[in-house]
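Visitor: The structure follows.
The values are calculated or read from the model by the stated rules, or taken from the named source; none is laboratory data. Being a predicted model, the structure only gives us computed values, none of them experimental. Cβ sites come from the backbone with ideal geometry, for glycine too, and all protein chains shown count toward neighbours.
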Amino acid sequence: MTVVRALARPLLSVIFVVQGVNAIRNPEPLVPKAQPVTDRLVPMVKRVAPAQVGDRLPETTANLVRLNGAVHVIGGLALATGKGRRLAAGALAASLVPTTLAGHPFWQEKDPAVRNQQRISFMKNLGVLGGLLLAAVDTEGKPGVAWRASHGAKAAKRETRRGAKAAKRETKRGAEAAKREAKQLAREAKHAAKLARAELHLS
């Protein structure tokens, strides 16, 4: 791990750990803002997700806020320590979307000053989301799965072409050798026939 990554990951994760702990300990102040989003999101998740997942979703908004906080704490710690960092970054990115929609709906604000403040917070969260997406795809300079799959397919294709060319060369060589052998046998047979005619003529 480079020095930049060692510094960037904890810096990116600290807000999630702190806010996540606050949400777990005291979710009530967040419930009014979270309620409109959870009312839309939970039924959609229950329709799309498998029954095992949908049935285990908390019923109350407060518990949903706590669950989101737990995701932030676990994901933040994983990202900071580098253990499961890419999965953690993806989970944090996914959880940040409803958090941002619930926490900073600037388009609903009437007061210009409040709207501007909410817009700034909304855009800051978009910046954090961008950082999380980069962290989710960061392979630390190592080839990713997609690259390895593509490279492996190309390498296999090259090997197939090489094998086909080698087989073609061997077939051609075999054919030429067989042709030479046939000519040699024909010459030998012709020579033997001449000898046999000569012997008959002498006798």
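One line per residue, one yes/no per condition, for (1) among the β-branched types (Val, Ile, Thr); (2) assigned by TED's automatic domain parsing to the domain that holds residue 136; (3) under 28 Å from the mean Cα position of the chain (by Cα); (4) in a helix (DSSP H, G or I):
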residue	(1), (2), (3), (4)
7	no, yes, yes, yes
14	yes, yes, yes, yes
23	no, yes, no, yes
44	no, yes, yes, yes
52	no, yes, yes, yes
72	no, yes, yes, yes
75	no, yes, yes, yes
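Visitor: Would you check which residues across the range 25-38 are outside any loop (DSSP other than H, G, I, E, B) and out of contact with any helix residue (DSSP H, G or I) (no Cβ under 8 Å at 6 or more places or on another chain) and list them?
Guide: Answer for the range 25-38, where residues must be outside any loop (DSSP other than H, G, I, E, B) and out of contact with any helix residue (DSSP H, G or I) (no Cβ under 8 Å at 6 or more places or on another chain): 25, 29, 32.
Visitor: May I ask you to list the residues in the range 112-147 that are at pLDDT 80 or above and of a type in the set (Gly, Ala, Ser)?
Guide: Those that are at pLDDT 80 or above and of a type in the set (Gly, Ala, Ser): 113, 121, 127, 130, 131, 135, 136.
Visitor: Shifting gears a bit: Hey, can you tell me all the residues within the range 78-126 that are surrounded by fewer than 13 Cβ atoms within 10 Å (Cβ to Cβ) and not in a helix (DSSP H, G or I)?
Guide: 83, 110, 111, listed by residue number.
Visitor: Any residue in the range 107-127 that's in the same structural domain as residue 13 (by TED's automatic domain parsing): show its pairings with residues that are among the charged types (D, E, K, R) and in a loop (DSSP other than H, G, I, E, B) at Cβ separation under 6 Å, as long as the two are six or more apart or on different chains.
Guide: Within 6 Å, the pairs are 115/109; 118/109.
Visitor: Looking at (1) under 24 Å from the mean Cα position of the chain (by Cα); (2) modelled with pLDDT of 85 or more; (3) hydroxyl-bearing (Ser, Thr, Tyr), find the lone condition where residue 150 falls short.
Guide: Of the numbered conditions (1) under 24 Å from the mean Cα position of the chain (by Cα); (2) modelled with pLDDT of 85 or more; (3) hydroxyl-bearing (Ser, Thr, Tyr), the odd one out for residue 150 is (2).
Visitor: For the range 19-52, what are the residues that are surrounded by 13 or more Cβ atoms within 10 Å (Cβ to Cβ) and without any contact (Cβ under 8 Å) to a residue 12 or more places away in the chain?
Guide: If the condition is that a residue be surrounded by 13 or more Cβ atoms within 10 Å (Cβ to Cβ) and without any contact (Cβ under 8 Å) to a residue 12 or more places away in the chain, then 26, 46, 49 are the ones that fit.
Visitor: Hey, could you check the range 56-70 for residues that are under 28 Å from the mean Cα position of the chain (by Cα) and without any contact (Cβ under 8 Å) to a residue 24 or more places away in the chain and say which is farthest from residue 21 (Cα to Cα)?
Guide: Taking the candidates together, the pick is 56.
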